[in-house]
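Student: Here you go, one structure.
The values are calculated or read from the model by the stated rules, or taken from the named source; none is laboratory data. Small disclaimer: the values here were computed from a predicted structure and weren't measured. Here the Cβ is made from the backbone with ideal geometry for all residues, glycine too, and neighbour counts use every protein chain on show. The accessibility values were calculated without ligands, DNA or RNA, using every heavy atom of the protein model including side chains. Shrake-Rupley method; radii C 1.70, N 1.55, O 1.52, S 1.80 Å.
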Amino acid sequence: ALLGKLGGGWIFTTSNTWQSGVPASIYSGPRQGFSDVNLDGNVVQATGSDNTRANYIAGGASLKFYKPGEANPNHRELKYAQPFIGSIGTLGRNTLRMNSLPDVDWSIVKNIRLVETGPVGSGPWNFELRADAFNVFNIPFLTATGYQTWNSLANPSFGQYNSAGNTRHLQVALKLTF
């Protein structure tokens with residue numbers, strides 16, 4: 001009976017998510033004192049920044065994200081360049097994909113029936129021990145956020161990670177049902 005209580009009643013669940021990276025655009029940023037590079041008078045309302053996208057250069061190197069404190073790997077000629085004043089830029093909208101996000105969460109649950117009937121005819125008393133692990137493999141999700149910081153050619157932090165997702169989290173719970 002004791003072996004049956006220890007060996008039975010186990011439940012293992014997993015929740016796996018693999019998300020592709022969100023699309024993003026590369027912007028020109030200010031050039032030669034002009035904050036509105038394409039001279040159209042339109043700016044992003046929330047920040048007052050210009051909405052001029054960069055030029056695309058065929059054969060250039062792709063953007064490599066890097067962490068603060070690391071050497072900038074984007075020293076080679078990139079696929080992107082600032083357009084001339086009055087030009088709208090040749091790079092399309094959302095042509096860059098951010099990092100993908102894999103996430104694996106596990107739960108293990110042990111159910112134990114303590115008694116079949118409780119006092120005054122109540123139902124069975126059950127005890128549940130649960131352990132949950134979120135981001136089991138502790139896969140770092142480094143990303144970049146903020147408008148015209150990491151994605152503005154004129155900004156010194158162009159291409160730099162400035163945000164991170166959740167790290168591994170563990171939790172244990174006990175539950176008594178009657």
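Student: Once the other residues with Cβ under 13 Å from the Cβ of residue 25 are scored (Lys, Arg +1; Asp, Glu -1), what is the net sum?
Tutor: +2
Student: Roughly how many percent of the accessible protein surface of the chain is carbon and sulfur, given a 1.4 Å probe and a whole-percent answer?
Tutor: Exposed carbon and sulfur together represent 58 percent of the surface.
Student: Another question, then. Using all alpha carbons of the stretch 94-178, what is the percent of pairwise distances in each 5 Å bin, ordered from the shortest bin to the longest?
Tutor: Spelled out bin by bin, the stretch 94-178 gives 3, 12, 14, 11, 10, 9, 8, 7, 6, 6, 5, 4, 3, 2, 0, 0 percent.
Student: Just the number, please: percent antiparallel of the DSSP beta bridges in the chain, rounded to the nearest 5.
Tutor: Taking every DSSP beta bridge with both residues in the chain, the antiparallel ones total about 90 percent.
Student: Distance between the C-alpha centers of the stretch 54-114 and the stretch 126-178? Whole Å please.
Tutor: Between the Cα centre of the stretch 54-114 and that of the stretch 126-178, the gap is 17 Å.
Student: Kirkwood Rh over Cα pairs of the stretch 19-140 into Stokes-Einstein at 37 °C, 0.692 mPa s: D in µm²/s?
Tutor: 168 µm²/s
Student: Rounded to the nearest 500, what is the 222 nm mean residue ellipticity of the chain from helices alone, with -39500 (n - 2.57) per DSSP H run of 4+ residues and division by all residues?
Tutor: So the helix-based figure for the chain works out to -1000 deg cm²/dmol.
Student: Quick one, can you get me the convex hull of the C-alpha atoms of the stretch 86-142 expressed as volume per residue in Å³?
Tutor: Convex hull volume per residue, Cα atoms: 160 Å³.
Student: State the number of lysine pairs found in the chain whose Cα atoms come within less than 26 Å, restricting to pairs 8 or more positions apart or on distinct chains.
Tutor: Lysine pair count for the chain: 5.
Student: Let's test the formula: R0 of 30 Å, r as the Cβ-Cβ distance of residue 101 and residue 35. What FRET efficiency results, to the nearest 0.05?
Tutor: Working from the Cβ atoms, E equals 0.35.
Student: Now a separate question. I'd like to check one number: the per residue accessible area of the stretch 7-65, probe 1.4 Å, reported in Å² as a whole number.
Tutor: 59 Å²
Student: Continuing with this model, one more query. Under a 1.4 Å probe, what is the accessible area of the stretch 129-178 per residue, stated in Å²?
Tutor: It amounts to 60 Å² per residue over the stretch 129-178.
Student: About the Cα centre, and with charges only on the beta carbon of Lys, Arg (+1) and Asp, Glu (-1), how big is the dipole of the stretch 22-168? Nearest 20 debye, please.
Tutor: 300 debye
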